[in-house]
1. Considering only region 69-111, state which residues are open to solvent by less than 10 Å² (accessible area, probe 1.4 Å), in contact with a Leu (Cβ under 7 Å, 6 or more places away or on another chain) and part of a helix (DSSP H, G or I).
2. With the requirement that a residue be part of a helix (DSSP H, G or I), open to solvent by less than 20 Å² (accessible area, probe 1.4 Å) and hydrophobic (A, V, I, L, M, F, W, C), what does region 169-183 give you?
3. Confirm whether Arg149 is at pLDDT 95 or above, under 14 Å from Gly15 (Cβ atoms) and either more than 18 Å from the chain's Cα centre (by Cα) or open to solvent by 60 Å² or more (accessible area, probe 1.4 Å) (or both).
4. Take the residues of region 10-34 that are open to solvent by 10 Å² or more (accessible area, probe 1.4 Å) and touching a Phe, Trp or Tyr at 6+ places or on another chain (Cβ under 8 Å): which is farthest from Leu172 (Cα to Cα)?
5. I need the full set of residues from region 139-178 which are small (Gly, Ala, Ser) and under 17 Å from Ala101 (Cα atoms), in order please.
6. Does region 28-42 contain at least one residue that is touching a helix residue (DSSP H, G or I) at 6+ places or on another chain (Cβ under 6 Å), of a type in the set (A, V, I, L, M) and in contact (Cβ under 8 Å) with a residue 60 or more places away in the chain?
7. Looking for something of a type outside the set (A, V, I, L, M, F, W, C) and more than 13 Å from Gly15 (Cβ to Cβ) - is there at least one such residue anywhere in region 131-143?
8. Consider only pairs whose beta carbons are under 7 Å apart and that are at least six residues apart or on different chains; among these, list those whose first residue lies in region 193-204 and is of a type in the set (A, V, I, L, M) and whose second residue is open to solvent by 40 Å² or more (accessible area, probe 1.4 Å) and at pLDDT 95 or above.
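The values are calculated or read from the model by the stated rules, or taken from the named source; none is laboratory data. Keep in mind it's a predicted model, so treat the numbers as computed, not measured. With ideal geometry, Cβ positions are generated from the backbone for all residues, glycine too; neighbour counts draw on all protein chains shown. To get the accessible areas, we keep the full protein, side chains included, count just its heavy atoms, and leave off ligands, DNA and RNA. Shrake-Rupley method; radii C 1.70, N 1.55, O 1.52, S 1.80 Å.
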Amino acid sequence: MSAPGLFISLEGGEGAGKSTVIAALHGALAARGRDVVVTREPGGTPEGEAIRCLLLDPGQHLHPETELLLMFAARAQLVRDVIQPALARGAAVVADRFTDASFAYQGGGRGLDMGRIAELERWAAGIKPDLTFLLDVGVAQGLARARGRGGEPDRIEREREDFFERVRAAYLTRAAAEPARFRVIDASLPADAVVAAVQSALAAWLDAGA
């Protein structure tokens, strides 16, 4: 029998270093003989990428409810076109954000009702990750990293620090509520230390029978 699919998500605020960790996860899973599919949110499909452009465009004025629904519209397409088919063939899916991001950004950051977000999670997404890495870094440090990359900040990156403090708090609340799924990684450390911590946690999880 082929190995069952694995669904791993990576979460964190601005400047947490997700891109570096995703590359390391891809390598670690491929080294174990896994077919690895990497996705991102919002995006991951032609339709989702079009929605991403709208969501991140600094010239757009989107109400919080509009933002939430657009996020889930892109996610619904991604689940059905990419994630579910990959899992069905036994691949490991590594997602740069998934539904936890909506609880953090639209729930914590925008103040939308968490119960309504949970309804959308059940209906539009229909699945949850098997394992979630939360790269946790202080807001000031994370924003300094993000701004150090250069380029114009997108619509969400332009929010105030108190918005991102609420996002971080919401992420940590979710991690505390689901300790079996979440692995909280100190992302204030140098990149090589963060990668090592993620690789160690992934190996322990896989070796435990995931």
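1. Phe72, Ser102, Gln106
2. Restricting attention to region 169-183, the residues satisfying the condition of being part of a helix (DSSP H, G or I) are 169-177.
From what is left, the residues that are open to solvent by less than 20 Å² (accessible area, probe 1.4 Å) are 170-171, 175.
If the condition is that a residue be part of a helix (DSSP H, G or I), open to solvent by less than 20 Å² (accessible area, probe 1.4 Å) and hydrophobic (A, V, I, L, M, F, W, C), then Ala170, Ala175 are the ones that fit.
3. Working: at pLDDT 95 or above: no; under 14 Å from Gly15 (Cβ atoms): yes; either more than 18 Å from the chain's Cα centre (by Cα) or open to solvent by 60 Å² or more (accessible area, probe 1.4 Å) (or both): yes.
Criteria not met by Arg149.
4. The qualifying residue farthest from Leu172 (Cα to Cα) is Glu14.
5. Quick first cut of region 139-178, residues small (Gly, Ala, Ser) only: 140, 142, 144, 146, 148, 150-151, 169-170, 175-177.
Gly142, Ala169, Ala170, Ala175, Ala176, Ala177 - these are the residues of region 139-178 that are small (Gly, Ala, Ser) and under 17 Å from Ala101 (Cα atoms).
6. Yes, region 28-42 contains at least one residue that is touching a helix residue (DSSP H, G or I) at 6+ places or on another chain (Cβ under 6 Å), of a type in the set (A, V, I, L, M) and in contact (Cβ under 8 Å) with a residue 60 or more places away in the chain.
7. In the first step, residues of region 131-143 are kept if they are of a type outside the set (A, V, I, L, M, F, W, C); the result is 132, 136, 138, 141-142.
Of the ones still in play, those that are also more than 13 Å from Gly15 (Cβ to Cβ) are 132.
Within region 131-143 (the criterion being of a type outside the set (A, V, I, L, M, F, W, C) and more than 13 Å from Gly15 (Cβ to Cβ)), the answer is yes, since at least one residue qualifies.
8. Ala201/Arg183
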